[in-house]
Amino acid sequence: MTAPTLAPPGAPPPPGPPAAGLLRRLVTDPVARLGTLVAAVLTVLVVVPMVGLVASTLRPTGREAWSDVLTGRLAGSLLWEPLGNSLLIGTATAAGSVLLGGGLAWLVVMTDVPFRRTIGLLATVPFALPSFALALAWETVFRNDLVGGRVGVLADLGVAVPDWLAWGPVPVAATLVAHYFSLSFLLAAAALATVNGELMEAAAMTGAGRLRIARSIALPVVAPALLSGGLLAFAEGVGNFASPALLGLPVRFHTLSTRLHGAVVTGQVERGYVLSIVLVAVAATILLAGNRVVGGRRSYATIGGKGGRRTLVGLGPWRVPLTAAAVGLCLATSVLPGLVLLATSFARRTNSFTGGFTLHFWTGASDPAFAQGQRGVLRDPQIVEAVLTTVGLGLAVALAATVLGTAVGYVGVRLRGARPVTGALALLSYLPFLVPGIALGAAFIAQFGRPVGPLPALYGTFALLVIAGTAYTLPFAAQAGRSAVGQISPDVEEAAVMAGAGLARRGARIVVPLAARGLLAGAALVFVNIVRDLSLVVLLVTPALPLLSVLTYRYAAEGFAQFANAITVIIVVLSVGATVLARRLERTARPWEETG
């Protein structure tokens, strides 16, 4: 029996030719064998669907789709106009997210603003909400009569709502900023917490003004975080489907994601695949370019050593108005949307508080006087089935992604001297982050929507949702795995190796129990991402396999606003509950609580 080799951190690679040494390790080292197996699984999950997507566009019908999309008579409406709209939305989302998130982070971390903990907590809530929850809340309040049907709350009260505020790029960008500014806030707050307080005090003693201190000391530290937050918001904004579909499609404001969806559901599958590739190229180019800029600017690390306690910047006469603005922003993006959706789900008339209230849309039996005889969401078998399917999908994906993420993290932390294996795992686990959800869904249809060898077509099956969801959430799970395993000292396992414990036994008796808290927190975040997601599953779900997010979109598109809002409230409860659980498990550091 070959003794397992657990290389301590920093151990040199085995002697001999590099290729021969690596090959020997892949055969004899159980950790290296585990890394090879995981890399093969990730290749099937990540690389094969993308290759299948590209291959589908290289067939004769696919080549014709390329010419149609790029240079055909309809190229303007198929590609160039949606591409311009997507770039516009992405840029606006990035700029707004950095401005709001960065400003709020500076306020709660660096200043003497009151209610710091409450503001900081509320600022993290919007990212836990589904993006379509904010879009639905916006439509519920600001919808006007431009596209017909029932108007929103304001118009119902007699307030004239301009078209630009009700439909098109402004509400789409506004709802996406409200959703994604949390990312910039978290990144900027963590960066600002590292600013050396003693250095700032020294600068103040030399006569430097607040503006100069902020520009010379704080800004260089927080700049990479702001840039990263802006890039993430841009990529998410470009690939988002829900907000453009709900607030843009009624006035023919198309983005790449909505045009892609329209092409696939109308049978123009190859054109949809081409648009998917363009969407992936745009998002990946921006993210990779941004990562290169951030990674190449080593000069950002200008402050070293252990800083002292920060001295908070006094806001003076601006304390009250800035506090009111911060609290108002947080309430408007975290609490108010949920209250609007909950309240209007009880409204007897759509988006109206003047026509009375009813429990019908929650618990009512079939009544021809309401919503064409449809039952309340808690009595509708299809919605109850959707709740069970959504929760089951979230749990299944959380389990699968956590197992894979733990394996990726374990190999990445423990395996030394096998850079090809660890590098491949790092790359494969990061790639899904570059692919917008709706484009990844199209890739899985292209690869698994038809029989492959002995495997039957998986389109419309629960298995395909689990596989696609696992690939989609892999970056989160892998990062959680690295963090959790990295906290376990190798000495513990080395003692087990000396006692003859194999890899499986060490994993079951040492790694998993010690890392359980971090792994459960990562699993909860994966669960949240799947439960609230619409972009990935909107192309993969069939009527026979209902999910809450897709049902919400269908009800909203068909004008059943109360049902859509009620289901969204259910999703919000599931998402926020799991997020709170994750925060408690990981005991996340809150930079705004370290001062004051």
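The values are calculated or read from the model by the stated rules, or taken from the named source; none is laboratory data. Since this is a predicted model, take the numbers as computed values, not measurements. Note that we place each Cβ from the backbone using ideal geometry, even for glycine, and neighbour counts take in every protein chain shown. Note: areas computed on protein heavy atoms with side chains; ligands, DNA, RNA excluded. Shrake-Rupley method; radii C 1.70, N 1.55, O 1.52, S 1.80 Å.
At a glance:
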quantity: Where a residue in the range 97-109 is in contact (Cβ under 8 Å) with a residue 24 or more places away in the chain and its partner, wherever it lies, is open to solvent by 10 Å² or more (accessible area, probe 1.4 Å) and of a type in the set (S, T, N, Q), with Cβ under 8 Å and at least six apart; calculated: V109/T595
quantity: Failed condition for F357, given (1) in contact with a Ser or Thr (Cβ under 8 Å, 6 or more places away or on another chain); (2) modelled with pLDDT of 90 or more; (3) farther than 22 Å from V537 by Cβ; calculated: (1)
quantity: Failed condition for P546, given (1) farther than 19 Å from S257 by Cβ; (2) open to solvent by 10 Å² or more (accessible area, probe 1.4 Å); calculated: (2)
quantity: Matching option when the condition is modelled with pLDDT of 90 or more and either outside any helix (DSSP H, G or I) or crowded, with 21+ Cβ neighbours inside 10 Å (or both), among A263, A225, A235; calculated: A263
quantity: Residues of the range 29-65 that turn out to be farther than 30 Å from L279 by Cα, among the β-branched types (V, I, T) and touching a Pro at 6+ places or on another chain (Cβ under 9 Å), as a count; calculated: 1
quantity: Output for the range 215-263, where each listed residue is without any contact (Cβ under 8 Å) to a residue 12 or more places away in the chain and either within 28 Å of N144 (Cβ to Cβ) or among the aliphatic types (A, V, I, L, M) (or both); calculated: L219, L249, R252, G262
quantity: Where a residue in the range 404-429 is touching a residue at least 24 places away in the same chain (Cβ under 8 Å) and its partner, wherever it lies, is of a type in the set (D, E) and assigned to a loop (DSSP other than H, G, I, E, B), with Cβ under 9 Å and at least six apart; calculated: L415/D29; A418/D29
quantity: Residue count, the range 414-430 (criterion: assigned to a helix (DSSP H, G or I) and surrounded by 20 or more Cβ atoms within 10 Å (Cβ to Cβ)); calculated: 6
quantity: Candidates V528, V492, V512, filtered to the one that is surrounded by 24 or more Cβ atoms within 10 Å (Cβ to Cβ), at negative phi and modelled with pLDDT under 90; calculated: V528
quantity: Residue satisfying all of: in the range 343-384; touching a residue at least 60 places away in the same chain (Cβ under 8 Å) and exposed (fewer than 15 other Cβ atoms within 10 Å of the Cβ); nearest to F563 (Cα to Cα) among these; calculated: Q382
quantity: Condition broken by R505, with the remaining ones in (1) surrounded by 14 or more Cβ atoms within 10 Å (Cβ to Cβ); (2) at pLDDT 85 or above satisfied; calculated: (1)
quantity: G460 being farther than 28 Å from V538 by Cα and not hydrophobic (A, V, I, L, M, F, W, C); calculated: no
quantity: Single match in G101, G96, G148 (criterion: surrounded by fewer than 24 Cβ atoms within 10 Å (Cβ to Cβ) and either within 20 Å of A225 (Cβ to Cβ) or at pLDDT 95 or above (or both)); calculated: G96
quantity: Residue selected from the range 319-330 under the condition of a type in the set (A, V, I, L, M, F, W, C) and surrounded by 14 or more Cβ atoms within 10 Å (Cβ to Cβ), by the criterion farthest from V573 (Cα to Cα); calculated: L322
quantity: Filter result for T406 (within 23 Å of the chain's Cα centre (by Cα) and hydroxyl-bearing (S, T, Y)); calculated: yes
quantity: Meets criteria (in contact with a Pro (Cβ under 6 Å, 6 or more places away or on another chain) and either among the hydrophobic types (A, V, I, L, M, F, W, C) or crowded, with 21+ Cβ neighbours inside 10 Å (or both)) for F476; calculated: no
quantity: Considering residues of the range 461-473 that are polar (S, T, N, Q) and under 12 Å from I530 (Cβ atoms) only, the residue surrounded by the most Cβ atoms within 10 Å (Cβ to Cβ); calculated: T473
quantity: Residue selected from the range 293-348 under the condition β-branched (V, I, T) and at pLDDT 90 or above, by the criterion farthest from F181 (Cα to Cα); calculated: T344
quantity: Scan of the range 463-496 for residues that are aliphatic (A, V, I, L, M), over 26 Å from V391 (Cα atoms) and either free of Cβ contacts under 8 Å to residues at least 40 places away in the same chain or not in a helix (DSSP H, G or I) (or both), ordered by number; calculated: I488, V492, A495, A496
quantity: Count of residues meeting criterion [of a type in the set (V, I, T) and over 13 Å from A396 (Cα atoms)] in the range 509-533; calculated: 3
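One line per residue, one yes/no per condition, for (1) at pLDDT below 95; (2) closer than 21 Å to D533 by Cβ; (3) touching an Asp or Glu at 6+ places or on another chain (Cβ under 6 Å); (4) surrounded by 23 or more Cβ atoms within 10 Å (Cβ to Cβ):
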| position | (1), (2), (3), (4) |
| --- | --- |
| V108 | yes, no, no, yes |
| T118 | yes, no, no, no |
| A123 | yes, no, no, yes |
| A133 | yes, yes, no, yes |
| G158 | yes, no, no, no |
| T175 | no, yes, no, yes |
